[in-house]
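Values quoted throughout were computed directly from the atomic coordinates according to the rules given, and no laboratory measurement underlies them. Only a predicted model underlies this, so the values are computations on that prediction, with no experimental measurement involved. Positions of Cβ are backbone-derived with ideal geometry, glycine not excepted, and every protein chain shown enters the neighbour counts.
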Amino acid sequence: MCRCRPSVLFPVLVGLSAGLATACVSSPVTPAFEADRYAGHVRVLASDDFEGRRPATAGEEKTIAYLEEEFRKAGLQPGAGGSFRQPVPFVELATRPDAVLRVSGAGGDTLLEYADDAVYWTKRVVPEVVLTDSEMVFVGYGIVEPAMGWNDYAGIDMRGKTAVILVNDPGFATGDPELFNGRAMTYHGRWTYKYEEAARQGAAGAIIVHEEAPAAYPWDVVRNGAARPQLAIDTSAGDASLVGVEGWMTRDAALRVFRAASLDYDTAKAAAAKRGFRPMPLPLKATTRVANDIRRIKSNNVIGILPGTKRPGEYVIFTAHWDHLGKAAEGSGDTVFNGAVDNATGTAALIELARAFGEVRPAPERSVVFVGFTGEEYGLLGSEYFANHPVVPLAQIVGGLNMDGMAVNGRTRDVTVVGYGASELEDFLAAAAADQGRVLEPESTPEKGSYYRSDHFTLARKGVPMLYARAGIDSLEHGPEWGLQQNTDYVSHRYHKPSDEFDPNWDLSGAIEDLELYFDVGLMLAMERGFPNWRPGNEFRAIRDQSRAGGAASQ
């Protein structure tokens, strides 16, 4: 650790931007990462005693106290106004599960039962929202993007109407690399965007059709998420601008709905993937009543800072979300969503990196910030709050790295970069990986849109260059096919399920190698003078340029 590698690093670093200096550091202190110590943190955080780490529960308090203690041990200073805790105000909206979505047409009513056929809710902070005979419109992928000449809402007034929307992008459906980003999902493909755009169009309701391949997760994930109370950041506006009713329906339910409209779902779906698609009013009306139980709660981001010795007003940031899904309200068997891989492993990595940076000598010249976010599982809420209420100037954050799920299946020949090609931070990562004899590879499933699904994204939207690296696929022992099988098995059998538990038989050698990698990248950033940027043409570059020039970084 902390090895001086001028032959590898200097040629990369000098080419990034004017004024960059080598990050190579000769250090008499070489912090080590040990599998047993790292595993100890994961075991504690993923234990039943921590109750699934749901925000605003006893599990949160135990998690926060644990993080605070470890940050203090590492020598970090409180990063939120004299405290390690940045309070985040939430409103909890528990949808009563007795709702039924009735779709009425000339042939009678089609009833979509809650959980089995569809899930729906409102994030407006009101006791109830009622849809009565809301005209339904198939709006394809629900995308408006003038730069691409695409408008799925062209020529229609959506006020009072309910949008039926496909998940992902047209590029995924067709495999056409000229459509959006081909099979790699853009932000337009994310369900969050679909609801945001429907709200901008004035829709009263927005229902997304779930299909496992383009959504990248099974129906159980959607159903389990909707079964628990929804969280939102508590604002004075009460989220009145949001769509009144948001939700999902299964593909089977969509087939029934389209048959009731005398349409073939697959034919309509194919038409929606072509340029020039126009919204299709359906001869159907939607009626439902969504009732909320409302509770205002407080949660916390946990922030620690290691002040820089020479440029303390410039920052490198490491992030991970500490929260998970808590406990099931009822049922037999295992009811704790332990969230071991997601994301006790990333939270433990945050702790270990804080310890290592606290020990390195000479100490970093720039300040290093460590943030454990709340509310990631409920829509990146803690990181959104941090991005809108930063404890350090966003323009002065050199760059950062987010950890959401670490390697538990051993070492790999590669490093997976989610959102590959996005920023100059990858040059630092590539140099450090080469020193390990590893190479950077794009994610194997870009259609999942993973870059838009974790906490780094809220900072990226403000212009801050953020890396999202993950465990590689090409196992040293078993090869790439085996690695892909392990990923598929995790998503199918443990992701967002009570079975995501700590396993003492995990091979954590890959996690330790990745910790060394992330440390090296952070140390390079903390010791050099430049400010890496997004690659030319990246969607966030103009925001960063404006921010660094002194303008407002917003989107």
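For the stretch 93-294, the antiparallel share of DSSP beta bridges with both residues in that region comes to about 65%. Binning all Cα-Cα separations of the chain at 20 Å, short to long from zero, yields these whole-percent fractions: 21, 55, 22, 1.
Distant-in-sequence amide contacts of I317, defined by a placed amide H-H separation under 5 Å and a gap of 5 or more residues or a different chain, comprise V369, G399, G400, L401.
Residues in the stretch 406-413 carry Karplus couplings, in order, of 9, 6, 10, 10, x, 7, 9, 7 Hz; the curve used is 6.51 cos²θ - 1.76 cosθ + 1.60 with θ = phi - 60°, and Gly or Pro positions show x. Only helices enter this figure: runs of n ≥ 4 DSSP H residues, each worth -39500 (n - 2.57), summed and divided by the residues of the chain, yield -8500 deg cm²/dmol at 222 nm to the nearest 500.
Filter the DSSP H helices in the chain by two things, a Kyte-Doolittle mean of at least 1.6 and an axial alpha-carbon span of 30 angstrom or more, and list the hits by number. Write down the numbers at each step before the final one.
Working: long enough: none.
Span-like helices in the chain: none at all.
Basic side chains Lys and Arg get +1 at the Cβ, acidic Asp and Glu get -1 at the Cβ, and with that the dipole of the chain about its Cα centre reaches some 1520 debye. DSSP finds beta bridges in the chain, and of those with both partners inside it, around 60 percent are antiparallel.
Taking amide H atoms as placed 1.01 Å from N in the peptide plane, the amide H of F90 lies under 5 Å from those of D234, I297, K298, S299, each 5 or more residues away in sequence or on another chain.
For the listed residue pairs K298/K462; K298/K497; K285/K448, the alpha carbons are over 27 angstrom apart in K285/K448. Under 5 Å from the amide H of T412 lie the amide H atoms of L476, each residue being 5 or more positions distant or on a separate chain, with H modelled from the backbone and absent for Pro and chain starts.
Residue exposure proxy: Y495, Y315, Y120, ordered by other Cβ atoms within 10 angstrom of their Cβ from fewest to most, comes out as Y495, Y120, Y315.
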